[in-house]
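Scroll down for the structure; my scribbles are underneath it.
The values are calculated or read from the model by the stated rules, or taken from the named source; none is laboratory data. This one's a predicted model, so the numbers in the text were calculated from it and none came from an experiment. A quick note on method: Cβ atoms are made from the backbone with ideal geometry, for glycine too, and the neighbour counts reach across all protein chains shown.
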Amino acid sequence: MFKIIFSDIDGTLLNAERELSAYTIETIRKLSKAEIPFILISSRMPAAMRHLQMKMDIEHLPLISYNGGLILIDGKSVSSTEIPIQILTELHDFNNNHDVHLSLFHNDEWYVPRDDFWTQREINNTKVQPAFQSNLDVLEKWQKENKGAHKIMAMGEEEKIDAIKEFLLQNFPDELHLYRSKPTYLEIAPKAISKLTAVQYLLDNHFKLPLSQSMAFGDNYNDVEMIRGVGMGIAVGNAKPEVLEIAHMVTTPGKEDGVAKSISELLKI
């Protein structure tokens, strides 16, 4: 029997309007009554996840942010893995010649270098407002505060993103995870973590449940380890071929309530 569920957000849980459908909200509230925790696990920052938790009445549950780079319980960080400032500095220097938009994230801090197309697109996607500050100013600030980045989002023309990816692969192959969700987007995260490491951390340290009793939903490359590793890994119908291939089960697309439908069918709620 499955006693806990983990779900990705973008491409998995939201409908065509990038919102939670009434059916999804109702299904997750039924889960709460059945005392089955529903944990959001995403590359998003915490602030871009909390409004979704509120709608489903699950604010009391832990959050897994930044693909596992930050785990929050009762709003407090219990696990944090960051990209070191030295890597950020080298990336910044390399980017001087490319001028790719670099969004820098640490916990609920989101810094953008300017108000451009990419900034507006991310505001629209996440419903969060960033702070405007040059990458260099942020790095100087974080250096003093002894912080790194939980995530860097590089956004720009395909050829420029190719150049950034090549630079990072050559210089930091063992330190960084690089997710290319679309040709114009490169998500940069610490290599030491994944969604599965975060799931394992919460199961071991907080819920005291075995991996075999967990269920997870996802659609993208960064969901592969999690879907392969949990007791029941379910891909939504719109998932990438690599995800569909390793999933234990495939449900309808995310925009068609695939997550809620599977939960209703499998757990009979």
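For every residue, the table says whether it meets (1) at pLDDT 95 or above; (2) part of a helix (DSSP H, G or I); (3) of a type in the set (V, I, T).
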| position | (1), (2), (3) |
| --- | --- |
| V138 | yes, yes, yes |
| K144 | yes, yes, no |
| K147 | yes, no, no |
| I152 | yes, no, yes |
| D162 | yes, yes, no |
| K165 | yes, yes, no |
| A192 | no, no, no |
| L203 | yes, yes, no |
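Residues in region 216-244 that are assigned to a helix (DSSP H, G or I) and either touching a Pro at 6+ places or on another chain (Cβ under 6 Å) or polar (S, T, N, Q) (or both): N222 only. The residues of region 249-266 that are under 19 Å from the mean Cα position of the chain (by Cα), assigned to a helix (DSSP H, G or I) and more than 22 Å from G229 (Cβ to Cβ) amount to a single one, K255. In region 1-54, the residue that is surrounded by the fewest Cβ atoms within 10 Å (Cβ to Cβ) out of those that are of a type in the set (G, A, S) and without any contact (Cβ under 8 Å) to a residue 40 or more places away in the chain is A22.
Suppose we keep only residues that are β-branched (V, I, T) and farther than 18 Å from N135 by Cβ within region 55-94. Which one would you say is surrounded by the most Cβ atoms within 10 Å (Cβ to Cβ)? Restricting to residues being β-branched (V, I, T) and farther than 18 Å from N135 by Cβ, the top hit is I64.
Tell me the residue from G237, G229 that is at pLDDT 95 or above, more than 20 Å from S181 (Cα to Cα), of a type in the set (G, A, S) and in the same structural domain as I64 (by TED's automatic domain parsing), please. G229 is the lone residue from the list that is at pLDDT 95 or above, more than 20 Å from S181 (Cα to Cα), of a type in the set (G, A, S) and in the same structural domain as I64 (by TED's automatic domain parsing). Of the residues K182, K261, the single one that is among the charged types (D, E, K, R), surrounded by fewer than 17 Cβ atoms within 10 Å (Cβ to Cβ) and in the same structural domain as G148 (by TED's automatic domain parsing) is K182.
Applying the set (1) in contact (Cβ under 8 Å) with a residue 60 or more places away in the chain; (2) farther than 15 Å from S42 by Cα; (3) not polar (S, T, N, Q) to K208 leaves exactly one unmet item: (1).
Each row is one residue, and each column tells you yes or no for (1) without any contact (Cβ under 8 Å) to a residue 60 or more places away in the chain; (2) surrounded by fewer than 18 Cβ atoms within 10 Å (Cβ to Cβ).
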{"site": "N96", "(1), (2)": "yes, yes"}
{"site": "N107", "(1), (2)": "no, no"}
{"site": "W110", "(1), (2)": "no, no"}
{"site": "P113", "(1), (2)": "yes, no"}
{"site": "D116", "(1), (2)": "yes, yes"}
{"site": "R121", "(1), (2)": "yes, yes"}
{"site": "Q129", "(1), (2)": "yes, yes"}
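Within the option set D74, D57, being free of Cβ contacts under 8 Å to residues at least 60 places away in the same chain and closer than 19 Å to Q200 by Cα holds for one residue only, D74.
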